[in-house]
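Notes follow once the structure below has been shown.
The values are calculated or read from the model by the stated rules, or taken from the named source; none is laboratory data. Since the structure is predicted, the reported quantities are computational estimates derived from the model, not experimental observations. Here the Cβ is made from the backbone with ideal geometry for all residues, glycine too, and neighbour counts use every protein chain on show. Note: areas computed on protein heavy atoms with side chains; ligands, DNA, RNA excluded. Shrake-Rupley method; radii C 1.70, N 1.55, O 1.52, S 1.80 Å.
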Amino acid sequence: MSRQVDYILQAGLALLLSAGIWKCVQHFPVTVFKQEQNFGCGTVSEYPAIEITNQSLANGKTLFMSKCASCHNMYKATTGPALVNFRERGKWSDNKELYAWIHNPSAYMKKDLYTASLKKQFGGQMMTAFPDLKPEEIDAICEYIEAGSK
Ligand code: HEC
């Protein structure tokens, strides 16, 4: 009798374990795919360099390189998400939301489910707050990112 109970317990445990593994396997490729789906079939290095055609694009590139590039690659998820086509995600089509996020990510995240879920995905490091970036500087960074999103 007790051997039967043992057997049932073990079978139950094995089932739970495989369900857990399946959850993980299911989760990872989906999130990786989401980050990479924008390249079409090209690879990161084949993606064309962004052409700098005006002053605000040049400013945007300088700001992006000095403040964001340490954690963000345009086309590949690194410490933070890939930023290509980021306007289509979350509330980022709204400049005010974006300014609030960049000025204070941890406060923003407390009342926003989307960025809280990003935190779970990129949990290793928290996005830096940039309270001193002016709206026009953030606009220039966006212009640079959007030029690479076309
Ligand atoms: C220290 C690393 C770090 C730096 C520097 C950084 N970020 Fe982030 N960023 C992150 C992480 C990590 C996330 C995901 C949310 C989280 O876990 O904080 C993120 C998320 C974002 C998102 C949301 C992306 C999406 O897919 O919806 C945007 C937009 C963004 N960052 C823009 C910027 C900009 C613009 C700069 C430069 C001014 C910048 N970040 C600098 C780490 C960083």
Residue by residue through the stretch 84-94, the couplings from Karplus 6.51 cos²θ - 1.76 cosθ + 1.60 with θ = phi - 60°, in Hz, x for Gly and Pro, are 4, 6, 5, 4, 7, 9, x, 10, 6, 6, 9
Percentage relative contact order, the stretch 44-149, counting C-alpha pairs under 8 Å, at least six apart: 39
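What FRET efficiency comes out for Lys96 versus Ser70 if R0 is 25 angstrom and r is the Cβ-Cβ distance? Round to the nearest 0.05.
About 0.45, to the nearest 0.05.
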Any of Lys61/Lys110; Lys76/Lys111; Lys67/Lys134 with alpha carbons more than 19 Å apart? Name them for me. Lys61/Lys110; Lys76/Lys111
Report ³J(HN,Hα) in whole Hz for each residue of the stretch 51-62, in order, from the Karplus equation J = 6.51 cos²θ - 1.76 cosθ + 1.60 where θ = phi - 60°; Gly and Pro get x. 7, 8, 10, 8, 5, 5, 5, 5, 4, x, 5, 4
Cut-off 19 Å, label point 7 angstrom out along Cα-to-Cβ of Lys150: give me the residues of the stretch 67-81 whose amide nitrogen falls inside. 74-75
Amide H proximity to Ala77 below 5 Å, modelled H, separation 5+ or other chain, gives Ala82
Largest first, what is the accessible-area ranking of Ile145, Ile8, Ile52 with a 1.4 Å probe? Ile8, Ile52, Ile145
For the stretch 44-149, average projected area of the Cα convex hull in nm²: 6.4
